[in-house]
1. Collect residues whose amide H, placed 1.01 Å from N in the peptide plane, falls under 5 Å from the amide H of VAL144; neighbours closer than 5 in sequence don't count.
2. Would you kindly derive the ³J(HN,Hα) couplings of the stretch 75-84 from the backbone phi angles with the Karplus curve 6.51 cos²θ - 1.76 cosθ + 1.60 (θ = phi - 60°), listing them in order in whole Hz, with x for Gly and Pro?
3. Could you pull the accessible area for SER115 with a 1.4 Å probe, rounded to 10 Å²?
4. Could you sort ARG114, ARG84 by their accessible area in this structure, using a 1.4 Å probe and putting the largest first?
5. May I ask you to rank TRP93, TRP100 by accessible area, largest first, using a 1.4 Å probe over the protein chains only?
6. Mind giving me the nanometre distance, one decimal, between the label points for LEU44 and ARG84, set 7 Å out from Cα along Cα→Cβ?
Amino acid sequence: MLSRGGSASGVPGGTPVVLGDVDLFGYPAAEVLEALGDQLPPELEIRPGDGRNHLTSVTLHATPPTPPDGRRARAAAEAAEVERALVELEPMWTTERDQWQLQEAAGGHLPVRRSHPQTVLLICNENVARRVTAAMLAAGVEVVPEQH
């Protein structure tokens, strides 16, 4: 869930939150909802406030898959999920390697697009995040020191 405080709902957000080329917090709610149209995934919930203000929250609900029986089956399903995610993210350390940097942060690394140094790719699955970081480091993606 991403949300904004009540006093901030009358102004554009400072950091872009983009869905399908639409900055969800950057424009009045009515404009955002019109730009998104009827193509919203059913897992997405948007709270537009009173229609004149900017969006107040965006939530993505995930329906968890039915857990497989047994510890080994669960581990295999989780490993398969990580591998699927890595296939989708692979361009970050292969064909698009020159478009990315790794920002040092709190003892770890965050993937950042060179063209948008204030935008960080958040990877919510810790196993995927570790594997992506390791692959990017191994491929020689530039590491940028932590900024204080």
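1. Amide H to amide H, under 5 Å and 5 or more residues apart or across chains, VAL144 pairs with LEU102, GLN103, GLU104.
2. Calculated HN-Hα couplings, in order: 4, 5, 5, 5, 5, 5, 5, 4, 4, 4 Hz.
3. Spelled out: SER115, probe radius 1.4 Å, area about 90 Å².
4. Values: ARG114 100, ARG84 140 Å².
From most accessible down to least: ARG84, ARG114.
5. On the way: TRP93 40, TRP100 15 Å².
Greatest to least solvent exposure: TRP93, TRP100.
6. 2.0 nm
The values are calculated or read from the model by the stated rules, or taken from the named source; none is laboratory data. Only a predicted model underlies this, so the values are computations on that prediction, with no experimental measurement involved. In this analysis, Cβ positions are derived from the backbone assuming ideal geometry, glycine residues included, and neighbour counts consider all displayed protein chains. For accessibility, only protein heavy atoms count, side chains too; no ligands or nucleic acids. Shrake-Rupley method; radii C 1.70, N 1.55, O 1.52, S 1.80 Å.
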